[in-house]
Structure formats: C-alpha cells, structure tokens
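Everything below concerns the one structure shown next.
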Amino acid sequence: MPGSAGAQPSRTLPARIGWISTEAQPDPFVDGFREGLRQHGYTEGQSVILDLRYTHDLQALRTAVAQLMQSKVAFIVSSGPAIRATRAARDIPVLFAISGDPVELGLAASLARPGANFTGVTFLSLEIAAKRVELLKQAVPHIRRLAVLSNTDHPGENSERRATEEAARALELTTSYIPFTGSAQLDGGLSAVRDARADAMVVFPEGATMVARAKIARFAIAQRLPSMFGWSEYADAGGLMSYGANQRQAYVRLAVFADKLLRGAKTAELPIEQPTQFELVVNMRTAAALGITLPSATLLIANRRIE
C-alpha cells in the first residue's frame, strides 16, 4: 500500500493506470510521472501498474484508448495531442497535460470546476506568450521582422497569436504570421517562414512542433534565424531559446491528481492547474552557430545554459 500520509486508497491495489502518448520513446514525461508516483509512496509493479501506449496515428490512438478501457484501467493519463483520442473514454477519468485551452477544446466547463471526466494541467499562458517576444528581442536587439509559426489545430491558438502580435507591436516589430494545420502541413509552414525573410522566429509550443522540434531547430539554424520556443525540450533539440513551464515537473505534478483519484476523488471536482514557475533556457552552441553573442542581461536571468 502507498506509504504517503492520509487516508488509505479506497480501491484495491495494484491499480492499473493507462498512459497514451505521441511522444517518441524514451519518454521524459512518463519518467516525471513515475517520479511523482514514487513521491506519493506508490511502487510500480506493486501498488500501481502502468499500461503504456505510444503511436502517432489517430486511429491507432483511438484503438489504444479502447484497449485501455477494456483492460479496466483506473484512469488514463494523456500526453500531448493524444488527448483528442481520449474523448471516447467518457466513463473513465482522464488526466492531461496540454499546451492548449481545455475549455475551448471542450474538455472542461471551466478551469476551476471541470465538471466532467477530464482534469490536469494546461500550459497555455498569454502573459508567457508575450514574454517570449520580449526575451527574444532582448537577446537579439537588431531583429525587426518576426516570423510566428503556429499550428491552427491547437485550442487557444488565436489568443496566443494576439498576445504575441501585441507584444511585437509594442517593441516595434513587424510580424509575419505563418499558420499550418497539423504535422502534415509543417513542411509548408517552414517554407513560408523561409519566404517571409524574417529576422527571427517564434514557434508556439504544442504537439506537432514538439514532435518535430529537432527538425525545426535545424531549419532555423540553416536559415540563420534566432528562434524562441515554449519548452526546454526545444532548446535541448537545438533551438536558440525557450521560455515556459518545465514539462517534466508538470507530469510530476500529475501524480498528485493520480493520488487523489486513487483515494476516491472525482475529476469533475479537481481544478485544472496552470504552472506558476517558468524557466529560460539558452542554447550557447546554437548561438555560436548563428554568430550571436547573447547579452549579459539574458545570460544572467537564464535558468540553464546548454554549452
């Protein structure tokens, strides 16, 4: 039985937890979730069993959800774009960590009271979207035109675009909005970025660009574009900078939700959370490849440098 303080779980353990993701393996986020479970006294293979499913194909995701439902999982943890496939799991609790707006996506009535079988963490923050533009301009003061690469198949995308463009106007930057829809159109989006002849690029954080982060980073270096992303995984893959919440820690936090569910809580009554701590990561290798000397003001506030 879990060794954490408080009432004992109301269900018989070990509990089977479903995990469904489009993230390539090894998956850093499931490791974060495992860490969180351990912090709450759960031992994988004894008190909990993780049933892991990975695929990029939407139909395969739906099949995986159906299989998880048949295996009588206590709940499903959905990572990234796979959340769309879990809509069919109406009678099973679903925990998520997504970059978009769960209310706009139709998963919840509100952040404070989800009201259905979905809850978890959303990374969407319009203040952070604006801050990314400010940090990029601080790091590369000479930029004048900013390409904004955005997947339109992303709930909350319009709001994030407006916040980004407003921040750019305040800094006297011209923006070239480059929309694409889903991973199949990403190459076309990158071609449009090249044709825009921008001085720098901002890429909105979400599933399609996350999966292709290394490809986008290589493109930016080849086009000699300073790039700003939303999560540190993009900078680790070669992006110049990232500013946003630590995704791994968000999955550690999801274990708090998991513990509550295993103790009898209802998803409808568990408020959806937003991260309150953010990190700036700079890739010094990419800066060198671009011939950029990052100012001391940027380096002093960076939480991590990739040397």
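Observations on the structure shown:
- When the stretch 209-218 is limited to residues that are surrounded by fewer than 22 Cβ atoms within 10 Å (Cβ to Cβ) and not charged (D, E, K, R), the one that is modelled with the highest pLDDT turns out to be ALA214.
- The set of residues in the stretch 218-234 being assigned to a loop (DSSP other than H, G, I, E, B) and under 16 Å from the mean Cα position of the chain (by Cα) consists of GLY230, TRP231.
- Filter result for ARG132 (in a loop (DSSP other than H, G, I, E, B), charged (D, E, K, R) and touching a residue at least 24 places away in the same chain (Cβ under 8 Å)): no
- Where PRO14 falls short, out of the listed (1) crowded, with 20+ Cβ neighbours inside 10 Å; (2) modelled with pLDDT of 80 or more: (1)
- When the stretch 105-120 is filtered for residues that are among the polar types (S, T, N, Q), surrounded by 16 or more Cβ atoms within 10 Å (Cβ to Cβ) and more than 17 Å from ALA88 (Cβ to Cβ), only THR119 remains.
- Single unsatisfied condition, LEU294 versus (1) within 23 Å of the chain's Cα centre (by Cα); (2) buried (at least 18 other Cβ atoms within 10 Å of the Cβ): (1)
- Single condition HIS56 does not satisfy, out of (1) surrounded by 17 or more Cβ atoms within 10 Å (Cβ to Cβ); (2) more than 14 Å from the chain's Cα centre (by Cα): (1)
- If you go through the stretch 235-251 and pick out every residue that is in a helix (DSSP H, G or I) and modelled with pLDDT under 95, you end up with 5.
- Test: PRO271 is surrounded by fewer than 16 Cβ atoms within 10 Å (Cβ to Cβ), under 30 Å from ALA74 (Cα atoms) and either of a type outside the set (S, T, N, Q) or assigned by TED's automatic domain parsing to the domain that holds ASP57 (or both): yes
The values are calculated or read from the model by the stated rules, or taken from the named source; none is laboratory data. Quick caveat: nothing in here was measured; it's all calculated off a predicted structure. Heads up, the Cβs are rebuilt from the backbone with ideal geometry, glycines too, and the neighbour counts pull from every protein chain shown.
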